[in-house]
């Protein structure tokens, strides 16, 4: 009988587990208060779509700026390789790269043209011409 566990039942009310309702109420109040304090007000002068349009234009402008700088630098390298190379193969590869750079830069600018001048005709899903 040494190794057996002795289980005793609580004899009176003091031995039972006590639930502290005040602590639960305070935790609930604190949760609701923190939720209300951390929410952002939804009152804005612009709509979500106007803000998204503004962000898209800003991102596109940044991409176009970076791609223009990259295109100028790589085109300059390709032109230098064409002019100062003694190998015909290098000149042909530089000419091919120059052509790819110009086409890619023209496509990026064409997307900007479409976004700026063509899409306003289709605003609201209807032709506004």
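No lab work stands behind these numbers, since they all come straight from the coordinates. The shown structure was predicted, so the numbers you read here are calculated from the model rather than taken from an experiment. Positions of Cβ are generated from backbone atoms using ideal geometry, with glycine treated the same way; all protein chains shown enter the neighbour counts.
Quick one: if you stick a label point 7 Å off each Cα along the C-beta vector at residue 91 and residue 36, how many nm between them?
My value for the distance between the label points is 7.9 nm.
Using only the Cα atoms of segment 47-121, what are the Rg and Dmax in Å?
Values for segment 47-121 (Cα only, Rg and Dmax): 17.2, 60 Å.
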